[in-house]
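Right, one structure below, let's go through it.
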Amino acid sequence: MRPIKNVVAIGASGTLGAVVLKKLLEAGKFNVTVIRRAGSTSTFSANVKVVDVDYSSLESLKSAFEGQDAVISLVPTFAADTQKAFVDASIETGVSRFIPSEFSANLANQKARTLPVFVPKVKLQEYLVAKAKDTDLTYTFIYGGGWLDAGPHRSFLISSIGETTKTYDGGDVPFSASTLNTVADAIVSTLDHLEETKNRAVHVHSLVTTQNRLLTLGKEVAPERSWDTIDFKLDDLTTKSDKRLAEGIADFETFLPYILRAIFDPAFGGCYEKTDNELLGIKEASEEEVREILRTLLKQ
Ligand SMILES: NC(=O)c1ccc[n+]([C@@H]2O[C@H](COP(=O)([O-])OP(=O)(O)OC[C@H]3O[C@@H](n4cnc5c(N)ncnc54)[C@H](OP(=O)(O)O)[C@@H]3O)[C@@H](O)[C@H]2O)c1
């Protein structure tokens, strides 16, 4: 497989995307092109090459992907469908590796694949797997567990802004968690391990922890905060969501419990028994490093 030199990042202004873009640039060996949605107001520093693309136009995507070796998609969960056109344009322009926007539920787990919020991601995966059989396009699905340091709007693990933390099924369920840096490092390292990561899922994590352990560490580093908790049963939450879906209500409130199920219910594969940390050069975080991560997070 040819080495990756020219890399496209789509959604590079996002929560994960901004960290991935920084790491790609820091690597110092890629020609990076950011693809931005037509009409987007996101901004990038002057040294970043940005191309505005109409995602509904295959021609527009193809002209942006021409000459590229890898396409990394970092679009939000609700935009998973958009990526089918990215795959088609990648095939038509001879892109060699496509990394779809996964980075959440462990869809290598069959139960996780049935969760309604992930249906568009699963469909995209099935499409990619089929296309990789009869074209030169290859893919890697990257999973990193729950995000540890993504801030209040993207983190489901503990409250980082002093609100009551919602714990699930008692808060002692072990799960895999990653910092945004860990996920971004895994993406960049995948581009250096093309054969080993070809057409498969890779799993990385910064650590396995529990909500109650994170709460204890949070209390240690920020004792002045309120650390109240309220516990919910995942079964109750997803039963409500099933009902809302049956009534045709497909909003974030409906979908969140399925995301929580993917992280906090061990039967859904959220606690990785085996990882690709070693292959991809990812180090597990020590407890002191987690304290430091929480110190930074809780200062924001
Ligand atoms: N493991 C976890 O705990 C966790 C938590 C949250 C998310 N995730 C996963 O991580 C991935 C990225 O999520 P994120 O939260 O980083 O994304 P995000 O910040 O919401 O959005 C990423 C970027 O995508 C572009 N975008 C926004 N709306 C779009 C649309 N309708 N169609 C196409 N592009 C759009 C925007 O970039 P431009 O304006 O520059 O085009 C945006 O900055 C998702 O697959 C999500 O499932 C995982």
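Using the alpha carbons alone, the radius of gyration of the stretch 56-173 stands to its Kirkwood radius in an Rg to Rh ratio of 1.06. Over the stretch 183-282, the alpha carbon radius of gyration divided by the compact-protein estimate 2.2 N^0.38 Å works out to 1.42.
Residues considered: Pro266, Pro76, Pro223. Largest GNM mean-square fluctuation over the chain, using C-alpha springs under 10 Å, is found at Pro223.
Karplus-derived 3J(HN,Hα) values for the stretch 62-72, using 6.51 cos²θ - 1.76 cosθ + 1.60 with θ = phi - 60°, are 4, 5, 6, 8, 4, x, 8, 9, 9, 10, 10 Hz; glycine and proline are entered as x. By DSSP, the beta bridges lying fully in the chain are antiparallel in about 10 percent of cases. In degrees between 0 and 90, to the nearest 10, how far off the longest principal axis of the chain does helix 15-27 point, with axes built from Cα atoms? Once rounded, one gets 60 degrees.
Each label was represented as a point 7 Å from its Cα along the Cα-to-Cβ direction; for Lys133 and Asp228 these points are 5.5 nm apart. Structural descriptor for the chain: relative contact order 17 percent, calculated from alpha carbon pairs under 8 angstrom and at least 6 residues apart.
Place +1 on the Cβ of every Lys and Arg and -1 on the Cβ of every Asp and Glu in the stretch 1-110, take the dipole about the Cα centre, and give the residue among Val50, Phe78, Ile91 whose Cα lies farthest towards its positive end. Of the options given, the answer is Val50. With the largest listed first and rounded to whole Å, the semi-axes of the equivalent ellipsoid of the chain from the Cα gyration tensor are 32, 22, 18.
Which parts of the stretch 203-226 would a label at Leu279 reach, counting a residue when its backbone N lies under 12 Å from a point 7 Å out along Cα-to-Cβ? The answer is 203-204, whose backbone nitrogens lie closer than 12 Å to the label point. Residues Thr216, Thr82, Thr179 in ascending order of nearby Cβ atoms (within 10 Å, fewest first): Thr216, Thr82, Thr179. In terms of its Cα atoms, the stretch 62-125 spans 38, 18, 16 Å along the principal axes, sorted from long to short.
Applying the Karplus relation 6.51 cos²θ - 1.76 cosθ + 1.60 with θ = phi - 60° to the stretch 145-158 yields 3J(HN,Hα) values of x, x, 7, 8, 10, 8, x, x, 8, 10, 10, 10, 8, 9 Hz, where x marks Gly and Pro. Calculated [222 nm] ellipticity per residue, helices only, for the chain: -11500 deg cm²/dmol; basis is -39500 (n - 2.57) per DSSP H run with n ≥ 4, divided by all residues, nearest 500. Residue-normalised convex hull volume from the C-alpha trace of the stretch 166-237: 119 Å³ per residue. Descending by average beta-carbon neighbour count within 10 Å, the peptides 98-108, 41-51 line up as 98-108, 41-51, the highest first. Among the chymotrypsin sites (Phe, Trp or Tyr not before Pro) in the stretch 188-278, those located in a DSSP loop and surrounded by at most 16 other Cβ atoms within 10 Å of their own Cβ are Trp227. Within the shell of other residues whose beta carbon sits under 14 angstrom from the beta carbon of Phe264, the net charge comes to -1, with Lys and Arg scored +1 and Asp and Glu -1. Within the shell defined by Cβ-Cβ distances under 15 Å, the residues around Pro76 carry a net charge of +1, with Lys and Arg each +1 and Asp and Glu each -1. For the chain, the longest principal axis of the C-alpha atoms and the axis of helix 234-246 are separated by about 50°. Find the centroid of the Cα atoms in the stretch 19-45 and in the stretch 139-211, then give the distance between the two in whole Å. The two parts, judged by their Cα centres, are 21 Å apart. In this rough spin-label picture, where each label sits 7 Å from Cα along the Cβ direction, the Ala46-Glu196 distance is 4.0 nm.
Over 23 Å apart at the Cα level, from the set Lys49/Lys198; Lys22/Lys62; Lys133/Lys283; Lys23/Lys198; Lys219/Lys274, are Lys49/Lys198; Lys22/Lys62; Lys133/Lys283; Lys219/Lys274.
Summing +1 for each Lys or Arg and -1 for each Asp or Glu, what net charge is found among the other residues whose Cβ lies under 12 Å from the Cβ of Thr296? That sum, taken over residues with Cβ under 12 Å, equals 0. Converting phi to 3J(HN,Hα) with the Karplus coefficients 6.51, -1.76 and 1.60 and the offset θ = phi - 60°, the stretch 92-104 yields 5, 9, x, 4, 9, 10, 10, 10, x, 6, 9, 6, 9 Hz in sequence order, with x at every glycine or proline.
Quick note: the coordinates plus some simple rules give every number you see, no bench work behind them. Treat the numbers as computed from the prediction; the structure is a model and nothing was measured. Ideal geometry is used to build each Cβ from the backbone, glycine not excepted, and the neighbour counts take in all protein chains shown.
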